[in-house]
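The values are calculated or read from the model by the stated rules, or taken from the named source; none is laboratory data. Note that the structure is predicted; figures quoted are calculated from it, not measured. We place every Cβ from the backbone using ideal geometry, glycine too, and count neighbours over all the protein chains shown. Protein only, heavy atoms only, side chains kept; ligands, DNA and RNA dropped before computing areas. Shrake-Rupley method; radii C 1.70, N 1.55, O 1.52, S 1.80 Å.
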Amino acid sequence: MYELDLDGLFQEAQRAATFAYAPYSKFRVGAALLAEDGTVYTGCNVENRSFGLTICAERNALVQGVAQGRRSFIAIAIASPDAVEPVGPCGACRQVLSEFMAPQAQVRFGGSGPERVDTTIGALYPYDSLHDLLAFNVRD
Ligand code: THU
């Protein structure tokens with residue numbers, strides 16, 4: 001098991017945020033997702049003029065990883081440079097991330113200021129039924 005470099009992962013999230021397409025909200029978000037095998041997948045938010053079709057940075061990163069054959073991710077960093085304080089993932093992203101991340105998977109998020117929040121998927125999304133369903137191999 002290699003060492004988890006959350007600082008490096010957060011820097012990758014900050015870089016991913018520079019690619020955000022956010023002309024409507026002007027709120028850029030970047031995410032860097034670490035797969036179990038050490039590969040990092042990044043994503044940014046991609047907005048749409050039909051607002052409900054916007055894709056969050058976290059789900060963008062996740063689907064990039066799954067599309068490359070990864071099924072298990074151990075950490076995610078989320079950068080929102082247009083907010084000073086840390087901004088956590090939205091409810092939809094918590095649900096979707098939990099499909100492929102265990103409750104103990106690490107989450108770090110931060111804005112443009114110095115504060116960082118370090119937490120876990122389980123803390124952000126408690127009482128999740130999927131982890132019970134997985135006992136029945138629903139993902140195979
Ligand atoms: N957004 C994300 O990409 N991730 C989050 O965790 C919070 C919200 C995006 C969606 C939208 O493009 C913009 O930020 C404002 O909500």
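Here are the numbers:
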item: Inter-residue pairs, beta-carbon under 6 Å, first in contact (Cβ under 8 Å) with a residue 40 or more places away in the chain and in the range 17-42, second among the hydroxyl-bearing types (Ser, Thr, Tyr) and part of a strand (DSSP E or B), 6+ apart; result: Ala32/Thr42; Leu33/Tyr41
item: Residue list for the range 1-30, restricted to those being under 22 Å from Leu124 (Cα atoms) and either modelled with pLDDT under 95 or in contact with a Leu (Cβ under 8 Å, 6 or more places away or on another chain) (or both); result: Leu4, Leu9
item: For Phe51: the one exception among (1) more than 16 Å from Glu12 (Cβ to Cβ); (2) in contact with a Ser or Thr (Cβ under 8 Å, 6 or more places away or on another chain); (3) of a type in the set (Phe, Trp, Tyr); result: (2)
item: Identity of the residue in the range 44-95, near the ligand (Cβ under 10 Å from one of its atoms), among the β-branched types (Val, Ile, Thr) and under 14 Å from Ala16 (Cβ atoms), that ends up farthest from the chain's Cα centre (by Cα); result: Val46
item: Any chance Ile78 is surrounded by 14 or more Cβ atoms within 10 Å (Cβ to Cβ) and free of Cβ contacts under 8 Å to residues at least 24 places away in the same chain; result: no
item: Some residue of the range 99-117 being in a helix (DSSP H, G or I), more than 9 Å from the ligand (Cβ to nearest atom), in contact with a helix residue (DSSP H, G or I) (Cβ under 8 Å, 6 or more places away or on another chain) and open to solvent by 60 Å² or more (accessible area, probe 1.4 Å); result: yes
item: Qualifying residue in the range 11-26 (condition: closer than 17 Å to Arg70 by Cα, open to solvent by less than 50 Å² (accessible area, probe 1.4 Å) and within 11 Å of the ligand (Cβ to nearest atom)); result: no
item: Residue check for Ala32: in contact with a Phe, Trp or Tyr (Cβ under 8 Å, 6 or more places away or on another chain), more than 8 Å from the ligand (Cβ to nearest atom) and assigned to a helix (DSSP H, G or I); result: no
item: Residue within the range 51-69 that is exposed (fewer than 13 other Cβ atoms within 10 Å of the Cβ) and among the basic types (Lys, Arg) present; result: no
